[in-house]
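**Q** The structure is given below, and queries will be raised subsequently.
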Amino acid sequence: MIVKVKIQHYLASDGEIINANVIYLKKNKNLIIGSFLGYEGHGNFSDSLFIIKNNKITLTINIFELPKSIHKIIEKLDKFRTKFESKKELGNLSTLGKKLKNSDDTQQFDTHWEYGTEEFDLDILKKLSKKWSLSIKW
């Protein structure tokens with residue numbers, strides 16, 4: 001039996017600026033591999049690759065600090081994530097990113113909207129927000 005691994009995605013935005021854009025997949029029950037970009041405040045954005053192995057989080061901007069066996073997965077995830085980000089303006093949504101606002105999987109709030117795939121685990125955001133200095137926390 002072949003099990004297809006599905007990329008999980010969460011994106012929060014005010015309509016132009018990305019508050020958080022997180023992509024991950026569960027390689028197995030003890031290994032999660034991902035990529036993110038988000039707003040830290042004062043016009044600053046950060047991005048990173050991450051792995052969560054046995055509930056221990058590793059963040060890095062250098063793919064070579066992560067096991068070579070997952071480099072192809074990380075490259076695929078990073079490429080997928082950046083489709084939703086403007087190539088011209090760091091931290092802004094791309095045209096594809098803006099389209100998520102009208103998705104059935106998007107919640108609208110007064111100041112922003114949040115999109116998430118059905119199986120996205122919000123505990124991943126909580127774990128990341130302990131290490132990642134975003135302006136929003138979960």
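**Q** Cα axis of helix 122-131 to longest principal axis of the chain: angle in degrees, 0 to 90, nearest 10?
**A** Between helix and principal axis, roughly 90 degrees.
**Q** Does anyone have the angle between helix 71-82 and the longest principal axis of the chain? Alpha-carbon axes, 0 to 90°, nearest 10?
**A** Compared with the principal axis, the helix lies near 10 degrees.
**Q** Follow-up. Quick check on the chain: helices-only [θ] at 222 nm, where DSSP H runs of length 4 and up contribute -39,500 (n - 2.57) each and the sum goes over total residues. Nearest 500, please.
**A** Result for the chain, helices only: -5500 deg cm²/dmol.
**Q** Go ahead and run the numbers for FRET between residue 46 and residue 83, Cβ-Cβ distance against an R0 of 22 Å, rounding to 0.05. All intermediate terms of the calculation are to be shown ahead of the outcome.
**A** Working: r = 19 Å, r/R0 = 0.86.
The computed FRET efficiency comes out at 0.70.
**Q** For segment 33-119, which chymotrypsin sites (Phe, Trp or Tyr not before Pro) are in a loop by DSSP, counting at most 14 other Cβ atoms within 10 Å? Walk me through the numbers before you get to the answer.
**A** Details: sites: 36, 39, 45, 50, 64, 80, 84, 109, 113, 115; in loops: 84, 109.
Answer by residue number: 109.
**Q** First check a/c for the chain, with a ≥ b ≥ c the square roots of the eigenvalues of its C-alpha gyration tensor; if it is under 1.5, answer rounded, and if not, answer prolate when a/b is larger than b/c or oblate otherwise. Numbers along the way, then the final one.
**A** Values: a/c = 1.58, a/b = 1.37, b/c = 1.15.
In terms of gyration-tensor shape, prolate.
**Q** Let me ask something else about it. For segment 82-132, run through the GluC sites (Glu not before Pro) and keep only the ones in DSSP coil with at most 10 other Cβ atoms within 10 Å of their Cβ. All intermediate terms of the calculation are to be shown ahead of the outcome.
**A** Numbers: sites: 85, 89, 114, 118, 119; in loops: 89, 118, 119.
Within segment 82-132, the qualifying GluC sites (Glu not before Pro) (loop, at most 10 other Cβ atoms within 10 Å) are 118, 119.
**Q** Another one. I need the calculated FRET efficiency for the pair residue 111 and residue 131, taking r as the beta carbon distance and R₀ as 35 Å, to the nearest 0.05. Display every interim value, and only then the final one.
**A** Working: r = 25 Å, r/R0 = 0.71.
The calculated FRET efficiency here is 0.90.
**Q** Only sites in a loop by DSSP and with at most 15 other Cβ atoms within 10 Å count here; which trypsin sites (Lys or Arg not before Pro) in segment 58-88 make the cut? Please report the intermediate quantities before stating the final value.
**A** Details: sites: 68, 72, 76, 79, 81, 83, 87, 88; in loops: 83, 87, 88.
Filter output for segment 58-88: 83, 87, 88.
Throughout, read-outs are computed from the coordinates displayed, never taken from laboratory work. Computed from a predicted model, the values in this text were never measured in an experiment. When we count neighbours, we look across all protein chains shown, and the Cβ atoms used for this are built from the backbone with ideal geometry, even at glycine.
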